[in-house]
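Structure record follows, encoded as structure tokens.
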Amino acid sequence: MSTKIKKTNTKPSTKPNTTPNTPITFQVVDYFDEDKTNRDLLIENENEEIKIPSTATNIDKKVLGWWNWYEKTFHENVKNYHLYLFGKSDKKESVCTHTHSFTPYLYVQIPKKWKKKSKEYTYFQEWVLKQMWMRSNKPMPKNIPILAKANQFVRSKNNGNGKNIKQGNNVSTTIGDDSDRQCEKRWSTFYKVMKNHNLVDRLWYYVGVKNTS
């Protein structure tokens, strides 16, 4: 395998004729890769804390407040892929490169009729994100409230016989199963709030996808 890359460091047997940042061609003979966290690389979170409007719904307040906590807690643990290539140039110069902007990738063939803004493509993107989030065992907001109107009939999850129980004034129950990290109902609510506030790109960032265009 041979590659063209900007020279970052060389250890030639003779003085090279190239100047810094001049592209060179070399034969790759070995490589080493590793993940480094934001903490290792001293990368700070540049996103501002989300300001939650007073008019937001209780669901939005819960999810957005949780997200502010999540970023503060987990941003330093985000991993960044680093690749080191070792090889020889045509002039027998030893070459070592440190590549920090390369991201592993894969191609997925989708139906040609799917357009970027079509429902099918949008649903597929959400499905991929959901799988990556859940399979990496990442948390989701807990105790997301459902607010029932006064005297409304609601189903109590604690009622073993499954009957509808009439509740008093405002009743607060929670969406989904808080003990299940792969709860579809909690994910659906979580994702909807993030999408409505244009925060889906931040979700991708935390599963290791830096560019979704």
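Here the label points at Trp69 and Tyr205, each 7 Å from Cα along the C-beta direction, are separated by 2.0 nm in the simple model.
Remark: the Lys192-Lys92 segment gains 30.4 nm on full extension, using 0.36 nm per residue and subtracting the alpha carbon distance.
For an R0 of 25 angstrom, estimate the FRET efficiency from the Cβ-Cβ distance between Phe124 and Tyr81 and round to the nearest 0.05. Don't skip to the answer; put the middle values down first.
Numbers: r = 24 Å, r/R0 = 0.97.
The pair Phe124/Tyr81 has a calculated efficiency of 0.55.
Beyond a 30 Å Cα-Cα separation, which of these cross-linked pairs lie in this structure: Lys36/Lys115; Lys119/Lys142; Lys51/Lys79; Lys112/Lys192; Lys36/Lys113? Correct reply: Lys36/Lys115; Lys36/Lys113. Highest mean packing first, where packing is the average number of other Cβ atoms within 10 Å per residue, the peptides 43-53, 197-207 line up as 197-207, 43-53.
Rule-based calculations on the coordinates, nothing more; no lab input. If you're wondering where the values come from, they're calculated on a predicted model, not measured in any experiment. Note: ideal-geometry Cβ built from the backbone for every residue, glycine included; neighbour counts use all protein chains shown.
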